[in-house]
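S.K.: I have a structure I would like to understand better, so I am pasting it below and will then ask my questions one at a time.
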Amino acid sequence: MYKSLLAAAVLVLAGCSSTAEPVTTTYLLPMNEASTTLLSATAQQPVMIVRPVEVAQHLGGTGLVYQVSPTEVVQAQHNLWAESLSKQLTRAVIDDLRQKQSTYWFDQLTPVVNAMDLPKLQLQFTQFNGHYSGLAQLSGQWMVVNGEGEAVIRQPFFIQVPLAEDGYNAQVKALSEGVERLTTQISQRVSHLRL
């Protein structure tokens, strides 16, 4: 009898101490609706390589980042990027730039593409996070390098997009809108370049 009472007490205590595991949610940057249109390069379009987008170390983890004070950022433990942020940003930039201008055909750096003498676009993000002010903040620099390796354009950027509501889903949407604003700026400058 003692053993059955002890077992029942253990079960009751185990039931009281168990808490529901937090749900993990994963996010992808939404695709621009226009990017679902299949485009192909023309013979007149020179290729410009988009190098893998660089993100600051504090942005390179799996969790979404939120700035909670002027000096403190936190990385979410249960709201995660479904894929590397660098890969998502590289793909989004290429897709957007193909849609927004026709001077260059933007492409990824791959082993098949000999990029030695091709112009290149490099983006670096120092901020890509939610902010306690209710904004998504994107900052960094983008640069175009010609085939000889000389920097033709160096442009810092700082973009803020208000979050439509609280939560990480709204943060991801606002960050995506910020990327679209950035690629609009880039396309306007790059479409006039002749490299």
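Quick note: the coordinates plus some simple rules give every number you see, no bench work behind them. Just so you know, these numbers come straight off a predicted model, no measurement behind them. When we count neighbours, we look across all protein chains shown, and the Cβ atoms used for this are built from the backbone with ideal geometry, even at glycine.
S.K.: Which of the peptides 44-56, 123-135 is most tightly packed, and how do the rest follow, going by the mean number of other Cβ atoms within 10 Å of each residue?
M.R.: Answer by packing, highest mean first, reads 123-135, 44-56.
S.K.: Given the alpha-carbon gyration tensor of segment 84-195, what are the semi-axes of its equivalent ellipsoid in whole angstrom, ordered largest first, with each equal to the square root of 5 times an eigenvalue?
M.R.: Equivalent ellipsoid of segment 84-195: 28, 14, 12 Å, largest first.
S.K.: Answer with one residue from Gln127, Pro111, Pro162: the one whose Cα lies farthest towards the positive end of the charge dipole of segment 52-195, charges on Cβ with Lys, Arg +1 and Asp, Glu -1.
M.R.: Pro111
S.K.: First select every other residue whose beta carbon is under 14 angstrom from the beta carbon of Ala151; then total the charges, Lys and Arg +1, Asp and Glu -1.
M.R.: +2
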